[in-house]
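Engineer: Please read through the structure below; I'll follow up with questions.
We did not get these values from a lab; they are worked out from the coordinates using the rules stated. Remember, it's a predicted structure, so these values are computed and weren't measured experimentally. All Cβ positions, glycine included, derive from the backbone under ideal geometry; neighbour counts span all protein chains shown.
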Amino acid sequence: MLRELTSDSTGHYLGLVAGVTHTPRPRRGGLWLLAGVGAGALATAGLLAAANFLFTATVIDEAAGPPRFVEETAVAGVDHVYDGDFEFYVGGGVAVFDCNDDGRQEIFLAGGANPSGLYRNQSPTGGALRFARMNDPATDLTEVTGAYPLDIDGDSRVDLSVLRHGENAVLRGLGDCRFERANGTWGIDGGDEWTVSFSATWEGPATMPTLAFGNYLADDGQLSGQCADHRLFRPSGTAGYSAPAILDPGWCTLSILFSDWDRSGRSDLRMTNDRHYYRDGEEQLWRVEPGEDPHLWTHAEGWQRMQIWGMGIASFDLGGDGRPEVFLTSQGDNKLQTLVEDATGPEYADIAFDRRATAHRPFAGDTIHPSTAWHPEFQDVNNDTFVDLFVSKGNVEAQADYAARDPNNLLLGQSDGTFIEAADEAGIISFARSRGAALADFNLDGMLDLVVANRSQATQLWRNVGAGSSDEPAPIGNWLAIRLRQDGTNVDAVGSFVAVRAGGRTLEREVTVGGGHAGGQLGWVHFGLGTATEAEVRITWPDGEEGPWVDVGPNQFLEIEADETRRWRPPG
Ligand SMILES: [Ca+2]
Ligand SMILES: [Ca+2]
Ligand SMILES: [Ca+2]
Ligand SMILES: [Ca+2]
């Protein structure tokens, strides 16, 4: 399914010209009420559809060049190394979230044998990246492989699921970037496994999320290469959890992701598994139906046997049909999967080769050996509406059959659906053994910045300055950043789909917790708008309710709650 939903042959597209005037009214704390447009927009849409109204709009059919990234590792205040023996060859996750409610995203970094670290974001708006280390025994933990942010108890303070070689810790957010251990409070047994992957979903009207911890090798005292099974915690009552369900067999999982892959309203749990150790395993998709025991999708139902050295998962709807494509990192060639058209089950076809996204060998350096890829992430780094793909790379440790110098990829999305390499031009070449990473707008200027954790070497940070310089950043295209809120306990509306129409294209991203390699983000969802100066946003909420298309202007931070769209302004 490769078609792009761009324009019809006349260069027009059916648009929604909601006759809604967005008169900003002051609202508490610098928030501005933009519109309460629900019924009005729907009525307008009906009218327009009846009239078969067409209007000319910017149709974006050309991708932009690479943005320029300026490395600020030495001055950003992050001095952190992921390190340790064999059990920390994998992991090295980066978590990104806002724990003091100022809209700026903090960074939590796994440390392996070193303590993990929480770095508070103090970057001036539009300025250089600047972080300050929070020294706190609650977040300075050893044996950490990765972490994922989510609000487990729905109190609007972000919590952290911290993965360890040993007992996993769940940390309850207290505000102001302080945390406390909450395993006991919530009844979550952290176990003693080697955990590198995590994902969460709210099943139906559940008051707390279902938490999945994916484990790697079993510790049988001699590391014989047996894979551990996994733990699935479902809420028990309203205050916590009881004993977990066991997901068995485990095949040495390094990344897991709850996703509504077929838009059925149900989120299933995908697992990517490291073939290096297993005898007869494969990639897995657990069907997770509320109230039922999870079970694996079978080959008879369309799931195909695939064996890779799975390290990370990224998903994004590349085809504009609302169903996310899935990128899986591995050693050698990486996979890009799309649901087969008219599939009745999870039947995927690999399109990595067609899209030039295999990224199987270093694009720079002097080796012919294949790559080792870890953290994948779809983001639009040059704000041109064509989503891009970052892939972190690095040798496991000293595997002679794989590239020793293995630079990270920045694959820029093109108008024909292919990707081209731009890491060199963008200025982010690094030959460190990279692991976890995140692309996030740390200085709130609308351009996504980059943090990359490296095994045994310093974590690196780059500021995206677009077409400009560090003194004078210059955006390449327009953009939107969107944050969701809803009543109840799933306050961040995990499981929603955020759709943006701009420049004749429809972009849609699922709000998920999980995937990547050992780390993820919670907060602003970023979209490039290219040269489009108007856009429409529609939220499909976790309960399946589809909101209206809402007209919005470019270059804004928006908070959307039910049918209210509020503008948020960064400080400074
Ligand atoms: Ca913050
Ligand atoms: Ca919380
Ligand atoms: Ca792009
Ligand atoms: Ca930025």
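Engineer: Could you say which residue among T358, T298, T385 is farther than 28 Å from G93 by Cβ, away from ligand 3 (no atom under 16 Å from the Cβ) and of a type in the set (S, T, Y)?
Structural biologist: T298
Engineer: Could you list, in sequence order, the residues of region 555-569 that are within 22 Å of the chain's Cα centre (by Cα) and under 15 Å from W479 (Cα atoms)?
Structural biologist: Within region 555-569, N555, Q556, F557, L558, E559, W568 meet the criteria.
Engineer: Scan region 161-183 for residues that are over 17 Å from G112 (Cβ atoms), in a strand (DSSP E or B) and either within 16 Å of ligand 3 (Cβ to nearest atom) or of a type in the set (A, V, I, L, M) (or both) and jot them down.
Structural biologist: Listed by number, the residues that qualify are V170, L171, L174.
Engineer: Only one of these is over 25 Å from L318 (Cβ atoms) and either hydrophobic (A, V, I, L, M, F, W, C) or more than 16 Å from ligand 1 (Cβ to nearest atom) (or both): N454, N464. Name it.
Structural biologist: Of the residues listed, the single one that is over 25 Å from L318 (Cβ atoms) and either hydrophobic (A, V, I, L, M, F, W, C) or more than 16 Å from ligand 1 (Cβ to nearest atom) (or both) is N454.
Engineer: Evaluate the following for D401: is it crowded, with 24+ Cβ neighbours inside 10 Å and charged (D, E, K, R)?
Structural biologist: Against the criterion (crowded, with 24+ Cβ neighbours inside 10 Å and charged (D, E, K, R)), D401 does not qualify.
Engineer: Something else about it: Within region 417-431, take every residue that is surrounded by fewer than 22 Cβ atoms within 10 Å (Cβ to Cβ) and under 20 Å from R455 (Cα atoms) and give me the one that is nearest to ligand 2 (Cβ to nearest atom).
Structural biologist: The qualifying residue nearest to ligand 2 (Cβ to nearest atom) is S430.
Engineer: Q122 - would you say it is within 23 Å of G514 (Cα to Cα) and away from ligand 2 (no atom under 16 Å from the Cβ)?
Structural biologist: no
Engineer: Could you tell me whether L529 is part of a strand (DSSP E or B) and within 16 Å of ligand 4 (Cβ to nearest atom)?
Structural biologist: yes
Engineer: Another one. Tally up the residues in region 450-472 that are more than 17 Å from E425 (Cβ to Cβ) and not basic (K, R), please.
Structural biologist: Number of matching residues: 12.
Engineer: Given the options L160, L129, name the one that is more than 16 Å from ligand 2 (Cβ to nearest atom) and either touching a residue at least 60 places away in the same chain (Cβ under 8 Å) or more than 14 Å from F108 (Cα to Cα) (or both).
Structural biologist: L129
Engineer: Let me ask something else about it. Would you pick out the residues in region 477-494 that are among the hydrophobic types (A, V, I, L, M, F, W, C) and assigned to a strand (DSSP E or B)?
Structural biologist: W479, L480, A481, I482, L484
Engineer: Something else: Identify, from the list D219, D140, the residue that is without any contact (Cβ under 8 Å) to a residue 40 or more places away in the chain, over 19 Å from L109 (Cα atoms) and either assigned to a loop (DSSP other than H, G, I, E, B) or in contact with a strand residue (DSSP E or B) (Cβ under 8 Å, 6 or more places away or on another chain) (or both).
Structural biologist: None of the other options fit; the residue is D219.
Engineer: May I pose another question? Check whether at least one residue in region 208-216 is surrounded by fewer than 22 Cβ atoms within 10 Å (Cβ to Cβ) and in a loop (DSSP other than H, G, I, E, B), and report yes or no.
Structural biologist: For region 208-216, residues surrounded by fewer than 22 Cβ atoms within 10 Å (Cβ to Cβ) and in a loop (DSSP other than H, G, I, E, B): absent.
Engineer: Within region 442-451, can you find the residues that are touching a strand residue (DSSP E or B) at 6+ places or on another chain (Cβ under 6 Å) and within 16 Å of ligand 1 (Cβ to nearest atom)?
Structural biologist: F442, D449, V451
Engineer: Further question: Determine which member of the set P571, P542 is in a loop (DSSP other than H, G, I, E, B) and touching a helix residue (DSSP H, G or I) at 6+ places or on another chain (Cβ under 9 Å).
Structural biologist: Just a single option satisfies the conditions, and that option is P571.
Engineer: Moving on to the next point. Filter region 504-526 down to residues that are assigned to a loop (DSSP other than H, G, I, E, B), in contact (Cβ under 8 Å) with a residue 40 or more places away in the chain and closer than 20 Å to V158 by Cβ, then give me how many there are.
Structural biologist: 7
Engineer: If a residue counts only when it is under 25 Å from F108 (Cβ atoms), within 16 Å of ligand 4 (Cβ to nearest atom) and within 21 Å of the chain's Cα centre (by Cα), which strands (runs of 3 or more DSSP E) contained entirely in region 393-476 have at least 3 such residues?
Structural biologist: Result: 433-440, 449-455, 457-464.
Engineer: Please work out which one of (1) out of contact with any Ser or Thr (no Cβ under 9 Å at 6 or more places or on another chain); (2) at positive phi is the condition L439 fails and give its number.
Structural biologist: Every listed condition holds for L439 apart from (2).
Engineer: Please go through region 260-290 and give me each residue that is small (G, A, S) and closer than 16 Å to A218 by Cα, ordered by number.
Structural biologist: Within region 260-290, just G281 meets the criteria.
Engineer: Those residues that are more than 18 Å from Q284 (Cβ to Cβ) and out of contact with any strand residue (DSSP E or B) (no Cβ under 6 Å at 6 or more places or on another chain), I need them from region 323-348; list them, please.
Structural biologist: Across region 323-348, the qualifying residues are G332, D333, E341, D342, T344.
Engineer: Could you check E421 against (1) within 16 Å of ligand 1 (Cβ to nearest atom); (2) within 23 Å of I60 (Cα to Cα) and say which number it fails?
Structural biologist: (1)
Engineer: Separate question: Does region 58-109 hold any residues that are closer than 16 Å to A132 by Cα and without any contact (Cβ under 8 Å) to a residue 40 or more places away in the chain, and which are they?
Structural biologist: A74 - this is the single residue of region 58-109 that is closer than 16 Å to A132 by Cα and without any contact (Cβ under 8 Å) to a residue 40 or more places away in the chain.
Engineer: Please name all residue pairs, on different chains or six or more residues apart, with Cβ atoms under 6 Å, provided the first residue is in region 527-551 and is on the phi > 0 side of the Ramachandran plot and of a type in the set (D, E, K, R) and the second residue is in a loop (DSSP other than H, G, I, E, B) and surrounded by 23 or more Cβ atoms within 10 Å (Cβ to Cβ).
Structural biologist: none
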